[in-house]
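Visitor: Before anything else, here's the structure in question.
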Amino acid sequence: MSATDSTKHEKFQEYKKIVYATDFEEDDILAIQRLVEIAQPLNAEINVVHISTKDELKGNVRMEWLKKSYKKK
């Protein structure tokens, strides 16, 4: 890590929780992978959230799909 990288991380060390809002799309898998790369050096926790409507499939079913899809990558 260069001095510049170190300075960038110092600015964000107070961030311990990151929230990611999902619509359960395929693109979310790559986005979460990138977010993990950002969160790891900060030892930050990532919370994935989704607000569903009555017309959608149940949110917990889609969240399970997202978890399984992420683990496969």
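Where a number appears in this text, it was derived from the coordinates with a stated rule and is not lab data. Everything numeric in this text was worked out from a predicted model, so none of it was measured. Virtual Cβ from ideal backbone geometry, glycine too; neighbours counted across all protein chains shown.
Visitor: Stretch TRP65-VAL19 to full length: gain in nm at 0.36 nm per residue minus the Cα-Cα span? Can you show the working numbers first?
Guide: Working: separation 46, 0.36 × 46 = 16.56 nm, distance 1.87 nm.
Going from the current span to full extension adds 14.7 nm.
Visitor: Using just the C-alpha positions of the range 14-72 as equal point scatterers, what log10 of I(q)/I(0) does the Debye formula give at each q in 0.12, 0.19, 0.22, 0.30 1/Å?
Guide: Here log10 of I(q) over I(0) equals -0.31, -0.71, -0.89, -1.29.
Visitor: Given +1 on the Cβ of Lys and Arg, -1 on the Cβ of Asp and Glu, and no further charges, what dipole in debye does the range 14-72 carry about its Cα centre, rounded to the nearest 20?
Guide: Working: 10 positive and 11 negative charges, 62 e Å.
Here the size comes out at about 300 debye.
Visitor: Which listed residue (TYR70, ILE38, TYR20) has the Cα farthest towards the positive end of the charge dipole for the range 14-72, taking +1 on Lys and Arg C-beta and -1 on Asp and Glu C-beta about the Cα centre?
Guide: Ranked along the dipole, the leading option is TYR70.
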